[in-house]
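Since the structure comes first, as structure tokens, the remarks are kept for the end.
The values are calculated or read from the model by the stated rules, or taken from the named source; none is laboratory data. For clarity, every value in this text was computed on a predicted model and none was experimentally measured. As a convention, Cβ positions derive from the backbone with ideal geometry for all residues, glycine included, and neighbour counts pool all protein chains shown.
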Amino acid sequence: MLADKRILLIISGSVSAFKALELMRLLRKADARVTPVLTEGGARFVTPHAVQAIAGEAVHQDLWSLTTEAEIGHIRLARLPDLVVIAPASADMLAKMAHGLADDLATTLLLATDKPVLVAPAMNWAMWAHPATRANMATLAARGVRVIGPNDGAMAEAESGPGRLSEPAEIFAAIEALLAGGMKLAGRHLLVTSGPTHEPIDPVRYIANRSSGKQGHAIAAALAALGARVTLVSGPVAIADPPGVNVVKVESARDMLAACEAALPADAVICAAAVADWRTAHEASQKMKKVPGQPPAPLELALNPDILATLSAHARRPGLVVGFAAETENVVANAITKRQRKGCDWIVANDVSGDVMGGAENAVHLVTEKGVEDWPRLPKQEVAARLAARIAEALA
Ligand code: C5P
């Protein structure tokens, strides 16, 4: 599948750079062509001789190399490949990419390329968790840069945590998925809502529900894995942002609707959020006081906007609108009615009477204009992957 595909492989400075050698070997074995670029930091960990010998092509290191410039030129080098891969991608490399710096050959190529870019980050867990790296990753995701890893585990410096470079076989599989027709949603913008909403009562209290965001986040990740540019509008959740996704964090239903409208146009929207149906009619500006001996003041509720119904009837309605229906009884019958009432195209109906909310698995029924499909009970990631594949088919 990778035969004659050309991959520009940038190796930046990390102790894990030795894994890039194995990655190149796997790529060559699959008949891909590898053009290696070694940064100054990368060359501290692997030698240009090893890189060049395994790549079977000249290694590029110097922006100012007269020989390379005369033979090929760095702009052509940037345009030549089918895919640009940065493995390992150091924290410094990701920061430079996010800010558009171009102070060496690798970063100049990255600024000049018009090809898809896959990064495989590798760094100490604290560097990966640092707000600066988080912000840089968010910037890169919003630009459509794809991410593989990092993995969680032991580090060279005898610490442990997320930051380990993905294994060569994993990076190879990601490359294969990106190049071998796996990019079915490339060039598409997909909008996903996820998580609960918090509806403020006063500055310290709110109304919420038990949604974990796991299903919605998994859907966003699965769509991104198919090459889509994904905007994930998420209510407050305790889980990590999916890699390669532009995450917009909101609190209330009204914030969520505004963020969704601001993200339009989109090719499809998947409303997986458990939006609160009601909010308090009057949000108290000060913390409400408990008055000893007095009964609590009743909470007057107001109806929240229905985001799914609003987007279904929107002037800039996405081509495909998918809703969820969490039910505890008459799951399919309710979903069929809900599909019509909300004006969406598909409903993913799930029975939440068991341990679905917050759990790892989901048993869903897909209700479309053609009828009802019963899917087996699957991990939420599998449900997401299946749904993403169906969405890609529908948008093809
Ligand atoms: O009416 P119900 O809450 O069961 O509908 C569920 C579907 O509608 C889900 O897709 C959910 O994300 C969406 N929804 C919404 N805004 C609301 C309520 C539900 O987008 N206010």
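Surrounded by fewer than 17 Cβ atoms within 10 Å (Cβ to Cβ) and hydrophobic (A, V, I, L, M, F, W, C): does that describe A3? Before the answer, list the steps.
Working: surrounded by fewer than 17 Cβ atoms within 10 Å (Cβ to Cβ): yes; hydrophobic (A, V, I, L, M, F, W, C): yes.
Considered against the rule, which asks whether it is surrounded by fewer than 17 Cβ atoms within 10 Å (Cβ to Cβ) and hydrophobic (A, V, I, L, M, F, W, C), A3 comes out as yes.
Looking at region 209-221, can you tell me whether even one residue there is in contact with a His (Cβ under 8 Å, 6 or more places away or on another chain) and either closer than 28 Å to E283 by Cβ or of a type outside the set (S, T, N, Q) (or both)?
Scanning region 209-221 turns up no residue that is in contact with a His (Cβ under 8 Å, 6 or more places away or on another chain) and either closer than 28 Å to E283 by Cβ or of a type outside the set (S, T, N, Q) (or both).
Among what's in region 238-250 and is more than 14 Å from the ligand (Cβ to nearest atom) and assigned to a loop (DSSP other than H, G, I, E, B), pick the residue that is nearest to A313 (Cα to Cα).
V245
Within region 187-225, work out how many residues are over 17 Å from N362 (Cα atoms), among the aliphatic types (A, V, I, L, M) and in contact with a strand residue (DSSP E or B) (Cβ under 9 Å, 6 or more places away or on another chain).
9
Just to verify a result, which residue in region 40-74, among those that are of a type in the set (S, T, N, Q) and farther than 17 Å from T108 by Cβ, is surrounded by the fewest Cβ atoms within 10 Å (Cβ to Cβ)?
T47
Among residues belonging to region 312-333 that are touching a residue at least 60 places away in the same chain (Cβ under 8 Å) and farther than 19 Å from D351 by Cα, point out the one that is farthest from the ligand (Cβ to nearest atom).
The qualifying residue farthest from the ligand (Cβ to nearest atom) is G319.
Which count do you get for residues in region 1-56 that are charged (D, E, K, R) and either closer than 19 Å to D92 by Cα or under 27 Å from the mean Cα position of the chain (by Cα) (or both)? If you could, list the steps in order and put the result at the bottom.
Residues of region 1-56 that are charged (D, E, K, R), as a first pass: 4-6, 19, 22, 25, 28-29, 31, 33, 40, 44.
Within this subset, residues satisfying the condition of being either closer than 19 Å to D92 by Cα or under 27 Å from the mean Cα position of the chain (by Cα) (or both) are 5-6, 19, 22, 40, 44.
Number satisfying all stated conditions: 6.
Does region 179-191 hold any residues that are buried (at least 24 other Cβ atoms within 10 Å of the Cβ) and either away from the ligand (no atom under 16 Å from the Cβ) or farther than 23 Å from V269 by Cα (or both), and which are they?
Selection gives L185 alone.
I'm trying to understand the selection: among the residues of region 255-297, which are within 10 Å of the ligand (Cβ to nearest atom), closer than 23 Å to R316 by Cα and in a loop (DSSP other than H, G, I, E, B)?
A272, A273, V275
Matching residues to (1) under 30 Å from A228 (Cβ atoms); (2) touching a residue at least 12 places away in the same chain (Cβ under 8 Å); (3) of a type outside the set (G, A, S):
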{"residue": "A259", "(1), (2), (3)": "yes, yes, no"}
{"residue": "L264", "(1), (2), (3)": "yes, yes, yes"}
{"residue": "D267", "(1), (2), (3)": "yes, yes, yes"}
{"residue": "A272", "(1), (2), (3)": "yes, yes, no"}
{"residue": "K287", "(1), (2), (3)": "no, yes, yes"}
{"residue": "P292", "(1), (2), (3)": "no, no, yes"}
{"residue": "P295", "(1), (2), (3)": "no, no, yes"}
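When you go through T68, T108 one by one, which is the residue that is out of contact with any Asp or Glu (no Cβ under 8 Å at 6 or more places or on another chain), assigned to a helix (DSSP H, G or I) and among the β-branched types (V, I, T)?
After applying the criteria, what remains is T108.
Restricting the first residue to region 362-387 and requiring it to be in a helix (DSSP H, G or I), which pairs with a second residue that is among the basic types (K, R) meet a Cβ separation below 7 Å and a spacing of at least six or different chains?
The qualifying pairs are K380/K214.
So, S194, is that one under 21 Å from A91 (Cβ atoms), buried (at least 23 other Cβ atoms within 10 Å of the Cβ), of a type in the set (G, A, S) and in contact with a Lys or Arg (Cβ under 9 Å, 6 or more places away or on another chain) or not?
Against the criterion (under 21 Å from A91 (Cβ atoms), buried (at least 23 other Cβ atoms within 10 Å of the Cβ), of a type in the set (G, A, S) and in contact with a Lys or Arg (Cβ under 9 Å, 6 or more places away or on another chain)), S194 does not qualify.
Filtering region 163-178 down to residues that are modelled with pLDDT of 85 or more and touching a Leu at 6+ places or on another chain (Cβ under 8 Å), which residue is farthest from A394 (Cα to Cα)?
Of everything passing the filter in region 163-178, P168 is farthest from A394 (Cα to Cα).
The conditions are (1) closer than 30 Å to K5 by Cα; (2) within 13 Å of the ligand (Cβ to nearest atom); (3) not charged (D, E, K, R), and S194 fails exactly one of them. Which is it?
(1)
Criterion first (under 24 Å from A394 (Cβ atoms), surrounded by 11 or more Cβ atoms within 10 Å (Cβ to Cβ) and small (G, A, S)) does A313 satisfy it?
Yes.
Could you list all residues from region 300-340 that are more than 23 Å from the chain's Cα centre (by Cα), assigned to a loop (DSSP other than H, G, I, E, B) and more than 16 Å from D277 (Cβ to Cβ)?
The answer is A313, H314, A315, R316, E329, N330.
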